[in-house]
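Report on the structure given below.
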Amino acid sequence: AVVGAGLGGSASAYFLQQHFGPQVQLDVYEAAGVGGRLATVTVNKQQYESRGASIHALSLHMQDFVKILGLKHRREVAGKSAIFSGEHFVLEETDWYLLNLFRLWWHYGISFLRLQMWVEEVMEKFMRIYKYQAHGYAFSSLEELLRSLGGEAFVNMTQRSVAESLLEVGVTQRFVDDVIAAVLRSSYGQSVLVPAFAGAMSLAGAQGSTWAVEGGNKLVCSGLLKLTKANVISARVTGISLHSSEGRALYQVHYESTEGQGSAFYDLVVVTTPLHPSRTNFTFENFDPPIPDLPGAFHPSVTSVVHGYLNSSYFGFPDPKLFPFTSILTTDTPDLFFHAMDNVCPVNISAAFRRKQPQEAAVWRVLSQQPLEKPQLKTLFRSYYSVQVTEWPTYPRYDSAKALPPIVLHENLFYLSGVEWVASSMEMVAVAAKNVALLAYNRWHQDLEKIDQKDLMHKVKTEL
């Protein structure tokens, strides 16, 4: 059984079938809709991503899914970004790459180069995971996974802030306050106190090239479930109880659907929905020792998709025709009531599609911590036709838990969502899904040589 049909659940189902073979029977439980947080909203008969909008170019599992499913990359529509302090723009992008570099250098010295080197070093080590997974290696804890990629330094990066790590490599406080804060507010809705590893992943996405799936990123989830012919059960899982059969653990999954309550037995269960008490009333029964409550809270996050006319005067452009930006990030200023906003394109982009001119009504996605009130909407927009609000506790509140959650809850009972406490992105979830499938497979077949091995770089080289 797989609990949840978001990206974590659909990728887990796909990888489990890949390793255990086509004869494996897969039930996927989902109370809401397939896709989880990869959702879209409709404005004027067009669909727009409400969250989980862009995928980093180096996301190899996501690239693979798109290829296997015959999906396409969405056509890119160019646009410029700027960082707003609440009073003025502290940094503006231009059409000229060299001018952008010059501005960064002029404002911040070589901080941006130091940032780039730091992010590249982290990403280079992180990319080792694909080699390990291709050779069938798995990890029974998030700490072991991180250690295999970057040693103790990677584990420490989940315990100390991105600000601390960057200041240490010579990035200036001003650059951290202006640029790093803006990127982290737009991705996690949190400050520069998020852990360094989560910060590095977010910053890699901000400076690398990104892409999205034509038709919507959620098509990856529905596509993977269709491909694995998984049995999707429309029900909310309320708990799991442990039984045993012939010396092997057997898990009874209890659920509620429109038809009432039910349950079913499984050899192996992967839970891909958050198990933190603040998010769920999920119970575990008959486990000895009992499965502990997972510490940590989630960060409230609100997406407002607004169809309207931007109030460019608020940003210092009285003439809306002259407003050049399609994406506005913000610094950590107490009075600012939003984290970021961008002029979004539909999930289906035709060859004839053009971005709306700044003086025309366009679809804007505004990210904030609280739902926007009328006066705040009136501050950002001269007038608007519609506002669609999605509230969700999207990301972990990174300062709320000291240790990383476990992957193995019991013999053949695995937890996937804990990976978000390392870093939260589509690719991190896909990497975790592949790891859980390999871990389940290696444990089932008692292939302990493939779990938590030390010095993997050397091992993989000799295998090659």
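The values are calculated or read from the model by the stated rules, or taken from the named source; none is laboratory data. None of the values given here were measured: they were computed from a predicted structure. Please note: Cβ atoms are built from the backbone with ideal geometry, for glycine as well, and neighbour counts cover all protein chains shown. Heads up: the accessible areas ignore ligands, DNA and RNA and are worked out on the full protein's heavy atoms, side chains in. Shrake-Rupley method; radii C 1.70, N 1.55, O 1.52, S 1.80 Å.
The helix-based estimate of mean residue ellipticity at 222 nm for the chain, built from -39,500 (n - 2.57) per DSSP H run of four or more residues and divided by its residue count, is -9000 deg cm²/dmol to the nearest 500. Per residue, how much space in cubic angstrom lies within the convex hull of the C-alpha atoms of segment 180-238? Hull volume normalised by residue count: 168 Å³. With one equal scatterer per alpha carbon and no solvent term, the Debye-computed log10 I(q)/I(0) for segment 334-464 at 0.13, 0.18, 0.19 1/Å reads -0.82, -1.11, -1.18. Take segment 173-213 with all the other protein chains still there, run a 1.4 Å probe, and you get 27 Å² of accessible area per residue. All C-alpha pair distances within segment 104-259, sorted into 5 Å bins from zero, spread as 1, 7, 12, 13, 13, 13, 12, 11, 7, 5, 3, 1, 0, 0, 0 percent across the bins.
Taking GluC sites (Glu not before Pro) as exposed when DSSP calls them loop and at most 12 other C-beta atoms lie within 10 angstrom, the chain has its longest site-free stretch at 88-245. Shown here: segment 123-213, whose C-alpha atoms stretch 43, 35, 21 Å along the first, second and third principal axes, sorted largest to smallest. Backbone phi angles across segment 446-456, fed through the Karplus curve with coefficients 6.51, -1.76 and 1.60 (θ = phi - 60°), yield HN-Hα couplings of 6, 8, 6, 5, 9, 10, 6, 6, 8, 6, 5 Hz in residue order; Gly and Pro are listed as x.
Centroid-to-centroid, using Cα positions, segment 351-393 and segment 301-329 are 8 Å apart.
In Å, the Kirkwood hydrodynamic radius of the chain over pairs of distinct alpha carbons? Result for the chain, one decimal place: 23.4 Å.
Leaving out ligands and nucleic acids, and using a 1.4 Å probe, what accessible area per residue does segment 261-410 come to in Å²? Before the final figure, lay out the partial values.
Numbers: 7230 Å² over 150 residues.
Ligands and nucleic acids excluded, the result is 48 Å² per residue.
With the biggest extent put first, the Cα atoms of segment 295-366 measure 50, 32, 16 Å across the principal axes.
Note on Arg37: accessible area approximately 90 square angstrom, rounded to 10, probe 1.4 Å, nucleic acids and ligands left out.
Residues in segment 83-151 average 53 Å² of solvent-accessible surface per residue, probe 1.4 Å, ligands and nucleic acids excluded.
According to the Kirkwood relation over distinct C-alpha pairs, the hydrodynamic radius of segment 6-114 is 18.5 Å. How many angstrom lie between the C-alpha centres of segment 197-225 and segment 20-86? First find each Cα centre; the distance between them is then 6 Å.
Asp27 contributes an accessible area of around 30 Å² to the protein surface, as traced by a 1.4 Å probe with all chains present. Prolate is the label for segment 195-348, because the ratio a/c of its alpha-carbon gyration tensor axes (a ≥ b ≥ c) is 1.5 or higher and a/b is greater than b/c.
What the pair-distance distribution of segment 84-125 shows, using all Cα-Cα distances binned every 5 Å from zero, is 5, 20, 19, 21, 19, 11, 4, 1 percent.
Any of Lys80/Lys356; Lys72/Lys218; Lys131/Lys450; Lys80/Lys321; Lys67/Lys461 with alpha carbons more than 23 Å apart? Name them for me. Could the numbers behind the result be given before it?
Working: Lys80/Lys356 14 Å; Lys72/Lys218 13 Å; Lys131/Lys450 13 Å; Lys80/Lys321 15 Å; Lys67/Lys461 27 Å.
Result: Lys67/Lys461 exceed 23 Å.
Element breakdown for the chain at a 1.4 angstrom probe: carbon and sulfur atoms account for 52% of the accessible area. Of all beta bridges that DSSP places with both ends in the chain, some 75 percent have antiparallel geometry.
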